[in-house]
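Asks: Please read through the structure below; I'll follow up with questions.
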Amino acid sequence: MHDLVVIALSSPLLLGVYKDGLLIETVESDEKSSEVLPKLYKELRSRYSFTHLVYAKGPGSFMAIKISYIFLKTISIVENITFLATDAFYFNENQPIKAVGKLCFVKTSTAIVTQTFDEVPLNRFRLPEQLHLEDLEEDTVPFYGIGAVG
């Protein structure tokens, strides 16, 4: 049995297949999550049986988070697969994550907060070589962090 991790917070979309906690396959796509996630899942599902679906619940692109949440939540219900989540900082070594303008999300020891940066750090999300299911949460509700910007 395998675990699937989906990181749809920014481009590229990342999918990782894990066996016994070790990364065995990585898929990257610069296409829109809404268009490519179902195709990639179908292709991976034809080769693997998943026991866990994992996603980065934010902060990040609101639309990509919503799409990955709805898609994976639906698959978890239909296929009876455990659905887990973690914050995006798990996938970028706890570096600041761009929000809007010069505002970034920062993870402190107690919360995820916003902070202004003179220069917005560029970061890239990555799939860890080893996945620790005990680090993940059953609370899969997306984290948006800030309200709509108008």
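Asks: First measure r as the distance between the Cβ atoms of Met1 and Thr116, then evaluate 1/(1 + (r/R0)^6) with R0 = 41 Å and state the FRET efficiency to the nearest 0.05.
Replies: Efficiency, rounded to the nearest 0.05: 0.40.
Asks: Which trypsin sites (Lys or Arg not before Pro) does the range 41-150 hold that lie in a coil by DSSP with at most 12 other beta carbons within 10 Å? All intermediate terms of the calculation are to be shown ahead of the outcome.
Replies: Numbers: sites: Lys42, Arg45, Arg47, Lys57, Lys66, Lys73, Lys98, Lys102, Lys107, Arg124, Arg126; in loops: Arg47, Lys57, Lys102, Arg124, Arg126.
Loop-located and lightly packed - Arg47, Lys102, Arg124.
Asks: Where does the charge balance sit around Thr82 when Lys and Arg score +1, Asp and Glu -1, over other residues with C-beta under 11 Å from its C-beta?
Replies: On the way: positive: none; negative: Asp3, Glu79, Glu138.
With Lys, Arg at +1 and Asp, Glu at -1, the net is -3.
Asks: With a point put 7 Å past each Cα toward its Cβ, work out how far Ser61 is from Val141 in nm, to one decimal.
Replies: My value for the distance between the label points is 2.5 nm.
Asks: Which one of Leu23, Thr51, Ala8 is farthest out on the positive end of the charge dipole of the range 1-65, using unit charges on Cβ (Lys, Arg +1; Asp, Glu -1) and the Cα centre as origin?
Replies: Projecting each Cα onto the dipole axis, the largest value belongs to Thr51.
Asks: Then there is this: Of the residues Leu15, Leu40, Leu122, which exhibits the maximal mean-square fluctuation in a Gaussian network model of the chain defined by a 10 Å Cα contact cut-off?
Replies: Of Leu15, Leu40, Leu122, the most mobile in the Gaussian network model is Leu122.
Asks: Something else: With Cβ to Cβ distances under 12 Å as the rule, what net charge do the other residues near Ala64 carry (K, R +1; D, E -1)? Working shown, then result.
Replies: Numbers: positive: Lys32, Lys57, Lys66; negative: Glu31, Glu35.
Its environment carries a net charge of +1.
Asks: OK, next. Hey, which lysines would be in cross-link range of Lys39, C-alpha to C-alpha under 18 Å, not counting anything within fewer than 8 residues on its own chain?
Replies: Within reach: Lys66, Lys73.
Asks: Please give the contour-minus-distance gain from Glu43 to Glu134: 0.36 nm per residue of separation, less the Cα-Cα distance, rounded to one decimal in nm. Mind showing how you got there, number by number?
Replies: Values: separation 91, 0.36 × 91 = 32.76 nm, distance 2.74 nm.
This chain segment gains 30.0 nm when fully extended.
Asks: Let me check against my output: what whole-number percent is the relative contact order of the range 27-150, with C-alpha pairs under 8 Å and at least 6 apart? Walk me through the intermediate numbers first.
Replies: Details: 153 pairs, mean separation 32.1, N = 124.
26 percent.
Asks: How about Lys98: which aspartates and glutamates have a C-alpha closer than 13 Å to its C-alpha, ignoring those fewer than 8 places off in the same chain?
Replies: Asp118, Glu119
Each value in this text was obtained by applying a stated rule to the coordinates, not by laboratory testing. Only a predicted model underlies this, so the values are computations on that prediction, with no experimental measurement involved. Virtual Cβ from ideal backbone geometry, glycine too; neighbours counted across all protein chains shown.
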